[in-house]
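**Student:** Would you mind keeping the following structure in view while I ask a few things?
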Amino acid sequence: DTLTGEPLRDADGNSIPEAGTERLVPTGGTSLLLLNAELRTPSPFLGDVLRFAWFIDAGSVTTRHLWDPSARDLKLTPGAGFRLHTPVGPVRLDIAYNPHGPTVGPLYLADPETGEVRRVQDAFTPETPSFLGRLRIHLAVGQAF
């Protein structure tokens, strides 16, 4: 583990992956709530072709009924970007920040020889990424919506 330098072990004493080597697989849900808001402002330079964009995305995926979302399930993600107007449409560069830490969940390992998958931890917490690891950059041509 990261505190002692010793490898993490499951209940049977078998070594489990080092931090950062695990592959996270979302399990999904049956209901989705998604909200987006964006404010575009002219830039102080090149104001006729360049715009700033300030946005916030909110969402929740749950196994409960869609009309029963809990406020604690709603995740907010802020971001900012640039919109450069070109003859082929706007070129968008967005940078978003994910302020939420990784979700605690079960950890499964597959035996490389047999392919057998077994549960080795009930409450595994992946390593929390650094500030830069929480940034997401998106480059696209065209409108976001």
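**Student:** Rank these residues by their accessible area, most exposed first, probe 1.4 Å: PHE52, PHE82.
**Tutor:** On the way: PHE52 40, PHE82 90 Å².
Largest accessible area first, the list is PHE82, PHE52.
**Student:** Further question on the same structure: Skipping prolines and chain starts, which residues have an amide H placed within reach, meaning under 5 Å, of the one on VAL120, given they are 5 or more residues away or on another chain?
**Tutor:** It is LEU107, TYR108, LEU109, by chain and number.
**Student:** Using a 1.4 Å probe, how large is the accessible area of TRP54, given in Å² and rounded to the nearest 10?
**Tutor:** Roll a 1.4 Å probe over it and TRP54 shows about 130 Å².
**Student:** Could you compute how much accessible surface ILE137 exposes when probed at 1.4 Å, giving the result in Å² to the nearest 10?
**Tutor:** The accessible area of ILE137 comes to roughly 130 Å².
**Student:** Further question on the same structure: Please give the length that would be gained between LEU132 and THR63 if that part of the chain were fully extended, namely 0.36 nm times their separation in residues minus their C-alpha to C-alpha distance (nm, one decimal).
**Tutor:** Values: separation 69, 0.36 × 69 = 24.84 nm, distance 3.11 nm.
Extra length available between LEU132 and THR63 comes to 21.7 nm.
**Student:** Determine how large the accessible area of ASP122 is when every protein chain is in place; take a 1.4 Å probe and give Å² rounded to the nearest 10.
**Tutor:** Roll a 1.4 Å probe over it and ASP122 shows about 110 Å².
The values are calculated or read from the model by the stated rules, or taken from the named source; none is laboratory data. Note that the structure is a prediction, hence the values are computed from the model and not measured. Surface areas here come from the heavy atoms of the whole protein model, side chains and all, with no ligands, DNA or RNA. Shrake-Rupley method; radii C 1.70, N 1.55, O 1.52, S 1.80 Å.
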